1. Of the numbered conditions (1) in a strand (DSSP E or B); (2) farther than 24 Å from K121 by Cβ, I48 satisfies every one except a single condition; which is it?
2. Looking at the structure I just gave you, is L79 farther than 22 Å from K52 by Cβ and modelled with pLDDT of 90 or more?
3. So in segment 73-95, with the set limited to residues that are within 12 Å of M46 (Cβ to Cβ) and aliphatic (A, V, I, L, M), which one is surrounded by the fewest Cβ atoms within 10 Å (Cβ to Cβ)?
4. Would it be correct to say that S116 is under 18 Å from L2 (Cβ atoms), polar (S, T, N, Q) and surrounded by fewer than 15 Cβ atoms within 10 Å (Cβ to Cβ)?
5. Which residue out of D93, D114 is in contact with a strand residue (DSSP E or B) (Cβ under 7 Å, 6 or more places away or on another chain) and either modelled with pLDDT under 90 or not polar (S, T, N, Q) (or both)?
6. Please work out if Y38 is assigned to a helix (DSSP H, G or I) and in contact (Cβ under 8 Å) with a residue 12 or more places away in the chain.
7. Would you check if there is a residue in segment 9-24 being on the phi > 0 side of the Ramachandran plot and either at pLDDT below 90 or under 16 Å from the mean Cα position of the chain (by Cα) (or both)?
8. Suppose we filter N26, N57 for residues that are surrounded by fewer than 16 Cβ atoms within 10 Å (Cβ to Cβ) and assigned to a loop (DSSP other than H, G, I, E, B); which single one remains?
Amino acid sequence: LLHSCPMFPQVQNAAASIRVMKDGFNGTIRDLPVPISYVESPLPVMIIHGEKDDYVNPINAEQLHRWFSSLNRKAARMLGESTQPVRLKKIPDLWHGWANGDPEFRYHEESAFDASKEMLKFFGFKQVINGY
């Protein structure tokens with residue numbers, strides 16, 4: 001699960017981190033490394049990002065979606081298996097906070113979208129949701 005995450009493969013120091021958070025990755029997906037350990041054991045990926053986020057530019061979510069989709073397709077071809085899902089959920093009225101999380105914690109935002117519930121559903125925890 002990635003929430004308001006910058007394009008981390010290109011972040012190697014604090015200055016680069018701030019630049020990527022603000023502007024996104026300035027290369028192409030093909031310029032990014034292909035981690036062999038990931039391709040050998042791909043994961044389902046859910047990316048949640050607020051469209052009004054002013055800490056981490058939402059372009060990062062779109063770039064991460066393209067990168068993980070590409071990695072998971074490569075892995076599926078290599079392993080002869082079905083592709084692991086990659087889902088991007090952009091929330092129109094959300095800033096940087098967790099959508100509909102616990103108001104006792106910092107970076108919580110009221111939202112019609114319940115990020116915790118959707119995350120559990122995406123990763124297949126249906127029994128937990130019923131009691132949620």
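1. (2)
2. Answer is yes for this residue.
3. Taking the candidates together, the pick is L88.
4. Values: under 18 Å from L2 (Cβ atoms): yes; polar (S, T, N, Q): yes; surrounded by fewer than 15 Cβ atoms within 10 Å (Cβ to Cβ): no.
No; evaluated as a whole, the condition is false for this residue.
5. On the way: D93 fails: in contact with a strand residue (DSSP E or B) (Cβ under 7 Å, 6 or more places away or on another chain).
When all the criteria are applied, what remains is D114.
6. Yes, satisfied.
7. The answer is yes, given that some residue of segment 9-24 is on the phi > 0 side of the Ramachandran plot and either at pLDDT below 90 or under 16 Å from the mean Cα position of the chain (by Cα) (or both).
8. N26
The values are calculated or read from the model by the stated rules, or taken from the named source; none is laboratory data. From a predicted model like this one, the values you see are computed outputs, not experimental measurements. Methodologically, a virtual Cβ is constructed for each residue, glycine included, from the backbone with ideal geometry; neighbour enumeration extends over all protein chains shown.
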